[in-house]
Amino acid sequence: MGDTQSKKENERLRPRILIVDDEPILLELARHILGGLNCEMQTFTNPEKALQAFAESSKSPELVITDFAMHEMDGLDLIRACRRRNPQQKVLLVSGTVDESIFADTDAKPDRFLAKPYAPAALVKAVRELLGN
């Protein structure tokens, strides 16, 4: 029983990361790159489904990683929606189509920005810093 309880406690303490990108291969790449971190990762190709998971959870994720250019909504819209639910939500915005100027005059500023293609070490470093590791 102690092993089961400690396993559940460990699962509960693991940081939860939502990764949102409409390109499935990029989701798998991010999952692979971040696999060495002791995190619970949920991936979504649809930002609406990511928002639904965000809203249905009793606790906000420690980090949301989102692409900018997606079909249903863009990354800035996703940031706004997440921050309406949790104003302190940490967000990493990644993009291969825009640069940091896209959020210069908006209320949807991410905590960090990475241009695609990014080096795996840059993603790990950004995530660790945002999680406070």
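The values are calculated or read from the model by the stated rules, or taken from the named source; none is laboratory data. Remember, predicted model here, so these are calculated numbers, not experimental data. Virtual Cβ from ideal backbone geometry, glycine too; neighbours counted across all protein chains shown. Protein only, heavy atoms only, side chains kept; ligands, DNA and RNA dropped before computing areas. Shrake-Rupley method; radii C 1.70, N 1.55, O 1.52, S 1.80 Å.
Yes or no, residue by residue, for (1) modelled with pLDDT of 95 or more; (2) open to solvent by 70 Å² or more (accessible area, probe 1.4 Å); (3) under 15 Å from the mean Cα position of the chain (by Cα); (4) under 18 Å from Met41 (Cβ atoms):
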{"position": "His71", "(1), (2), (3), (4)": "no, yes, no, no"}
{"position": "Asp74", "(1), (2), (3), (4)": "yes, no, yes, no"}
{"position": "Leu78", "(1), (2), (3), (4)": "yes, no, yes, yes"}
{"position": "Leu92", "(1), (2), (3), (4)": "yes, no, yes, yes"}
{"position": "Gly96", "(1), (2), (3), (4)": "no, no, no, no"}
{"position": "Ser101", "(1), (2), (3), (4)": "no, yes, no, no"}
{"position": "Ala104", "(1), (2), (3), (4)": "no, no, no, no"}
{"position": "Val127", "(1), (2), (3), (4)": "yes, no, yes, yes"}
{"position": "Leu131", "(1), (2), (3), (4)": "yes, no, yes, yes"}
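Taking the conditions exactly as written (at negative phi, more than 14 Å from the chain's Cα centre (by Cα) and surrounded by 14 or more Cβ atoms within 10 Å (Cβ to Cβ)), does Glu62 satisfy them or not?
no
Pick from segment 12-36 the residues that are out of contact with any strand residue (DSSP E or B) (no Cβ under 9 Å at 6 or more places or on another chain) and touching a residue at least 40 places away in the same chain (Cβ under 8 Å): which of them is surrounded by the fewest Cβ atoms within 10 Å (Cβ to Cβ)?
Result: Gly36.
If you scan segment 58-76, which residues turn out to be over 19 Å from Val127 (Cβ atoms) and assigned to a loop (DSSP other than H, G, I, E, B)?
Once the filter is applied, which keeps residues that are over 19 Å from Val127 (Cβ atoms) and assigned to a loop (DSSP other than H, G, I, E, B), segment 58-76 yields Ser58, Ala69, Met70, His71, Glu72, Met73, Asp74.
State whether the residues of segment 37-45 include one that is in a strand (DSSP E or B), modelled with pLDDT of 95 or more, buried (at least 20 other Cβ atoms within 10 Å of the Cβ) and of a type in the set (A, V, I, L, M, F, W, C).
Yes; the residues of segment 37-45 include at least one that is in a strand (DSSP E or B), modelled with pLDDT of 95 or more, buried (at least 20 other Cβ atoms within 10 Å of the Cβ) and of a type in the set (A, V, I, L, M, F, W, C).
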